[in-house]
1. For B:SER239 and B:TRP395 in the same chain, what is the full-extension length gain: residue separation times 0.36 nm, less their Cα-Cα distance, in nm?
2. Measuring from the lowest to the highest alpha carbon on each principal axis, how far does segment A:7-120 reach, largest first, in angstroms?
3. Mind sorting A:LYS154, A:LYS186, B:LYS152 by how few other Cβ atoms lie within 10 Å of their own Cβ, fewest first?
4. For segment B:266-388, what is the per residue volume of the convex hull drawn over the alpha-carbon atoms, in cubic angstrom?
5. Largest first, please: the extent of the C-alpha atoms of segment B:170-259 along each principal axis, to the nearest Å.
6. Could you give the C-alpha radius of gyration of segment A:47-107 expressed as a fraction of 2.2 N^0.38 Å, taking N as the number of residues it contains?
7. Quick check on packing: order A:252-264, B:264-276 by the mean number of other C-beta atoms within 10 Å, highest mean leading.
8. First measure r as the distance between the Cβ atoms of A:ARG142 and A:THR41, then evaluate 1/(1 + (r/R0)^6) with R0 = 35 Å and state the FRET efficiency to the nearest 0.05.
Amino acid sequence: MDLSLDDTQQLIQESARDFVRNACNRDALLKLDRNPAETMTMLWPKLAELGWSGMAIPEQYGGTGNSLTDVAVLFEELGTGPVPGPLFSSAVLGAHILLEAATDAQKQAWLPAVASGEKVLALALTEAQYGWSPEQVRMAARQDGSSLTVSGTKVMVHDALHATDLLVPVRVDGGSAHSLLRVDAKAKGVSIRALDGFLTAVCEVVFDNVRVSKDDIVGEPGTAWAPMQRALLRAVPVLCAYKVGGCRAVFDMSVEYSRERSQFGQAIGRFQRVQDHVIHIVNYLDSARWTTYEALYKLDSGLDAASSVHVAKSVASESYMRACDFAHEVHAGIGVVREYGLTLHTKMSRTLYHCLGGPKAHRRQLERALKLC
Amino acid sequence: MRESRNGSLILDSRVRGNDANRAPSAHAIPARTHAMNFAIEDSPQQSAFRAEVRAWLEKNSPPGIEHSADPCDMTLAQYQIRRSLGRGLGEMGWLYPTLPRQYGGGDLDAEKTVILYDEMARIGLSLPPYYDAGGRMGAPTILVWGTEEQKKRFLPPICRGQVRTWQLLTEPAAGSDLAGIKTTAIRDGDAYVVNGQKVFVGSSHGADQSWAIVVTDPKGERHKNLSWLMIPMDLPGISVAPMDLLATGGEGGSGSGVKNTVFFDNVRVPADHLVGGENNGWKVATTHLEMEHGGAGRLADRRVVYEFLDFCRKPLDGHAIADDPDARAELVEMFIEAEITRLFALRNHWLSHTGQPRSYEGSQYSLRRKLSGLDIAERMLRIAGPRVLTKDERWGPLKGTVEYFQRDAITSLHPGATTDIQRVIMARRIGVGRREREKAGTVR
């Protein structure tokens, strides 16, 4: 056994660290937080230039075909920002859905543009009755000659704001099977609105009689759910790695603050109750880290990874949120001053808590993976 | 990789998961050395070693070895069976496989050691197969701090299973505050005269030697007044009394049995049994405690969890416990707890056996193991109801193993430092509130 990063992964880590330090320092992140729309002009071209939008895509489709662990190493570093933007939605989740669900012709047509960063994908799956299970995805598409007409609302859609192309699971003519559609984000009848509040780049997407040609049905009609699930299973630990990075950042901030902040004549980290908060953070960090890395290892090795993936997602979602909570305990007042930067993580930890299924949903899936039901 | 305009590294198509077809290049592209690997896989050479170990154990593990749910139930006859197995393992160099061969160890690498532990666990035993805490932690400590002569004298009998050794640290007034011990060892000619009392010591059926921390300078400054002695247990003035405890605490597989109080009444210990220098004991303790606090990791799964999951899957009177959605939810939480703990242990094992620097990880694992054990025990009680509290043959799950775990999870909170102490150690190692991060103890 060897749990260390290999040379390639170390290089990825270094270049990503360099990127976060320079291009995505706290001032830049605060600016993007105030104006999320600038994400695509400020950040996206750099990410594409670095080749990161192609990492999860095989070479034959214009990418560099890195392992999931390689990709996760990148996302862990981006999570330390936390660097916002649709890189995960497009280049990992979206790309994997196309890889699993699309025909080869569609892959040839779409994936190189995703790899280059020209196309930006977002998965519009969840609806008013929020959830990631098949019965909760009901939006209907109507057969309309050789094309389809789609009406309805998808809500809590991550990064739709930045997307050029939406991936939209629907049920054709009210059937039980799901078809996946590629919809141009600028198509007539599509309206996208970022939701305001304690979350980042999460949107409502309304489809009002949007016409979708049959060429834009991804893969075989009515068979989309299983490949989407396979894609989700592969994408989840990469998202978890991003949360690991977030935990790491709030851990580092908290340790640093424990040394600098003095009260009652000594560094606050001298107080055991403050120490306990930091220990909670490092325990959450390492729990998320090792469950995530084992899930990645199993996926990269072609082993049955389902139970590890569900464990990782349950643990990482909760860990990131709670690590932030305990970081706030360490920081007290200064922690909620937006300029300080901790709240970027606090908000991101909430934003991503349910993304691709919340801890409870993954625990339910774990019950099945463990053959308890 | 090439330099981009802004100085960052660009990934190009040569950096990818599979380098099979990658042509050599003038660019300094690192070779893909190995992917992260959580599996403990055997090479052909290791497979051969596994087969050798398995065959040896089949031939030499005595028939009739029993695994009582409660280690206190182990009889003297059962203990002797284990000791005899230990001596056999010792002859092979397998009892303390990582210690140097010249001192009776096996000089085995990490992988082969894992195989040994693995094969022992397969037959429900630990390595060593009996309680030998003084050997497990004393021997590696002597290796760091002992003189050459002491290493030659003390280590081979331990490694060969000829002597069994207890560790004597805690006293009635000193547990968490280990430096606050009161047992004295005052130099008198060619001996140290030991007086005092140690508690929560050892196991059933006695020991040959005891590895003990003592005060050698009662007037000396705290932390500069301590030493370590290897005390032969047959010296006049030593008496041992068993303690009546809820359980023995996290000694799974070793069949440890009861804990004892050990009294020293003017016991004369030869002066050359003092290891690491007089009044240098606190430094020696850093090594001992690093071992004790979990720095070396552990590969054994929490077997009772997996067995309990299985128990809950099986129908009883037509219904399985797992049929209830609430029980399933709890079982999943229990599984997650056990997974995280297992991964922390695996990480520590990897850090330890690849000789990497360690910091807070030993204590983190210890803290995690203790707290998750308690959490798991509570969940079992919620899931399966009061039957987890009985070892009744008909109603107690898993032949009383779960009942014992209910008691042991509480008892296990404290051996090898309380959870509070583990937190203190972690905070110091992380450097919370201080510029310097405290270093981990010296381990070979």
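Read-outs throughout are calculated quantities, based only on the coordinates presented, and are distinct from any laboratory measurement. Note that the structure is predicted; figures quoted are calculated from it, not measured. So basically every Cβ, Gly included, is an ideal-geometry build from the backbone, and we count neighbours across all protein chains shown.
1. Gain on extension, B:SER239 to B:TRP395, equals 52.1 nm.
2. Principal axes ranked by extent give 43, 35, 19 Å for the Cα atoms.
3. Exposure proxy ranking, most exposed first: A:LYS186, B:LYS152, A:LYS154.
4. 165 Å³
5. Between the extreme Cα coordinates on each principal axis of segment B:170-259 lie 40, 29, 20 Å.
6. 1.11
7. Highest to lowest by the protection proxy: B:264-276, A:252-264.
8. It comes out at approximately 0.40.
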